[in-house]
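This report refers to the structure that appears directly beneath it.
The values are calculated or read from the model by the stated rules, or taken from the named source; none is laboratory data. In this text, all values refer to a predicted model and were calculated from it rather than measured experimentally. Here the Cβ is made from the backbone with ideal geometry for all residues, glycine too, and neighbour counts use every protein chain on show.
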Amino acid sequence: MSRLLYIIPVTILFLQMSACGDSSEKNNGTGNSAESELSANKINISKAQFKGENMELGRLSQQNFPVEVEVTGTIDVPPQNKAIVSAFVGGYIKRTPLLVGNKVRKGQPLLTLENPEFVQMQQDYQESFEQLSFLKSEFERQKSLVAEQITSQKNFLKAESEYKRNLARYNGLRQKLKMLNISPENVEKGILASEATIFAPIDGSITKVNVSKGMYVSPADEIMEIVNTDHIHLELSVFEKDIMNVKKDQKIRFKISEASEEYYDAEVYLVGTSIDADSRTVKVHGHLHDDENHNFAVGMFVEAAIITSNQSINALPNESFIVQDNNQYVLSLVSEGNEGYVFENKAVGIGDSYNGYTAITEMGDLKDSDQVIVKGGFNLLGETGESD
């Protein structure tokens, strides 16, 4: 009995010691976990590494970021820089030596039409020209006779009517010949032509050719198109909800998304005053900067942003941010000693980038006074940190 009474207290003491040991181990485990979590968030960098990687420290700064209206549109030319070539009188294409892409100068021959009606028109003009001199003389003679009461008023009016009718016919045929680029002076000399040449109305490049040799064209047909790209512009479509913010002389940034990611500069020149009923958009005309040094083609689709205002936002240089697990971090300086630096990675939210800076939309634990690595730290989060 006394032996049993001795064993029970010993057993109880042993169990209490075991419980204390487990508790101590748990406490030690918790402490190691906290220490591990703390060290994982810190990065030690030696002075030599900092210098060798060309790292730099900086602070948040206020930067101006543009407030933009996103629009789309096309490269276009003014109406006076585009010409549709057609014939004033129908005819058959005899010669058409030019192709799409050929450059032409104003007054350069484009093609030749042939039609028997051209010859008939010249004959009519020549006859009218020959009669005009006689009818004019007869009109002046009758005018003198009626003034002296030698002839009747009826004869004078008849002579006047025939002269003026022929004069009108003569002038009309003369203008038609000029429109066909046939010289009336040659016709008056008896030199008739069976062909009519069409000349370029403007300088530019041929962008369309809708005919071939031997084809008949009427005055309603578009034979070819000429475009002068010496002055090209942007033709943008701005939605109704944004148009009140768009003003003349505002800056435009645009790119030809199908050809390049490079941005080009322009400015608002004209803002339309009517809304398209179907798309609910307003046309905005933009002038390009330095357009002569770029090989833009008329009709190119553009994506553009009209800068309507600016706002000041906390920002850091673009190189300040490190991406890890789809999150954005900056490395904030914790301490600096003789051996080097200790940094802490802090998660932040970022916005648009402009002019070498990226806007901070969510500060997280980052403070305005914190120093962060703004250059050379892009690969540091891949390194293993050590406890300080």
Every residue from the range 71-110 that is surrounded by 15 or more Cβ atoms within 10 Å (Cβ to Cβ) and among the aliphatic types (A, V, I, L, M): VAL71, ILE75, VAL77, ALA83, VAL85, ALA87, VAL89, ILE93, LEU98, VAL104, LEU110
Condition met for VAL238 (touching a residue at least 60 places away in the same chain (Cβ under 8 Å), under 29 Å from ALA83 (Cα atoms) and assigned to a strand (DSSP E or B)): yes
The range 140-152 residues that are under 16 Å from GLU162 (Cβ atoms) and in contact (Cβ under 8 Å) with a residue 12 or more places away in the chain, paired with ones that are of a type in the set (A, V, I, L, M, F, W, C) and surrounded by 11 or more Cβ atoms within 10 Å (Cβ to Cβ) (beta carbon under 6 Å, 6 or more apart): GLN142/PHE156; GLN142/ALA159
Residues of the range 236-262 satisfying the condition of being exposed (fewer than 15 other Cβ atoms within 10 Å of the Cβ) and closer than 16 Å to HIS287 by Cβ: LYS247, LYS248, ASP249
Subset of the range 273-282 (residues that are surrounded by fewer than 17 Cβ atoms within 10 Å (Cβ to Cβ) and not hydroxyl-bearing (Ser, Thr, Tyr)): ILE275, ASP276, ALA277, ASP278, ARG280
Condition met for SER369 (closer than 14 Å to SER61 by Cβ and surrounded by fewer than 20 Cβ atoms within 10 Å (Cβ to Cβ)): yes
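Which one is nearest to the chain's Cα centre (by Cα) among residues in the range 345-374 that are of a type in the set (A, V, I, L, M, F, W, C) and part of a strand (DSSP E or B)?
Narrowing the range 345-374 to residues of a type in the set (A, V, I, L, M, F, W, C): 347-348, 350, 359-360, 363, 366, 372-374.
Still in the running and part of a strand (DSSP E or B): 347-348, 350, 359-360, 372-374.
On the way: ALA347: 37, VAL348: 34, ILE350: 27, ALA359: 25, ILE360: 29, VAL372: 38, ILE373: 37, VAL374: 33 Å.
Filtering the range 345-374 for residues that are of a type in the set (A, V, I, L, M, F, W, C) and part of a strand (DSSP E or B), the one nearest to the chain's Cα centre (by Cα) comes out as ALA359.
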Test: ILE243 is aliphatic (A, V, I, L, M), more than 30 Å from LYS106 (Cα to Cα) and within 11 Å of the chain's Cα centre (by Cα): no
Options SER128, SER137, SER144; residue that is at pLDDT 90 or above and not assigned by TED's automatic domain parsing to the domain that holds PRO201: SER128
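Got a number for residues in the range 268-295 being part of a loop (DSSP other than H, G, I, E, B) and either within 17 Å of the chain's Cα centre (by Cα) or of a type in the set (Asp, Glu) (or both)? Write out each step before concluding.
Step one: filter the range 268-295 for residues part of a loop (DSSP other than H, G, I, E, B), giving 272-280, 289-290, 294-295.
Those left that are additionally either within 17 Å of the chain's Cα centre (by Cα) or of a type in the set (Asp, Glu) (or both): 276, 278, 289-290, 294-295.
Selection size over the range 268-295: 6.
Scan the range 97-128 for residues that are part of a loop (DSSP other than H, G, I, E, B) and closer than 13 Å to PHE199 by Cβ and report the count.
Of all residues in the range 97-128, those part of a loop (DSSP other than H, G, I, E, B) come to 97-102, 105-108, 115.
Filter once more, keeping what is closer than 13 Å to PHE199 by Cβ: 98, 105-108.
The qualifying residues number 5.
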Test: residue in the range 219-227 that is buried (at least 18 other Cβ atoms within 10 Å of the Cβ), modelled with pLDDT of 90 or more, assigned by TED's automatic domain parsing to the domain that holds PRO201 and not in a strand (DSSP E or B): yes
Pairs with Cβ under 8 Å, 6+ apart, first in the range 186-211 and in a loop (DSSP other than H, G, I, E, B), second among the hydroxyl-bearing types (Ser, Thr, Tyr) and surrounded by 19 or more Cβ atoms within 10 Å (Cβ to Cβ): VAL211/THR96
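Of these, ILE93, ILE75, ILE84, which one is of a type in the set (Val, Ile, Thr), under 23 Å from GLY204 (Cα atoms) and in contact with a His (Cβ under 9 Å, 6 or more places away or on another chain)? Give the steps one after another, and end with the answer.
Values: ILE93 fails: in contact with a His (Cβ under 9 Å, 6 or more places away or on another chain); ILE84 fails: in contact with a His (Cβ under 9 Å, 6 or more places away or on another chain).
On inspection, the qualifying residue turns out to be ILE75.
Could you check the range 170-182 and list, in sequence order, the residues that are polar (S, T, N, Q) and surrounded by 14 or more Cβ atoms within 10 Å (Cβ to Cβ)? Walk me through it before giving the result.
Our first condition is that a residue be polar (S, T, N, Q); within the range 170-182, this holds for 171, 175, 181.
Of everything in the range 170-182, just one residue is polar (S, T, N, Q) and surrounded by 14 or more Cβ atoms within 10 Å (Cβ to Cβ), namely ASN181.
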Which numbered condition VAL298 misses (of (1) modelled with pLDDT of 90 or more; (2) not in a strand (DSSP E or B)): (1)
Pick from the range 303-359, criterion within 30 Å of ALA48 (Cα to Cα) and among the β-branched types (Val, Ile, Thr), ranking: surrounded by the fewest Cβ atoms within 10 Å (Cβ to Cβ): VAL323
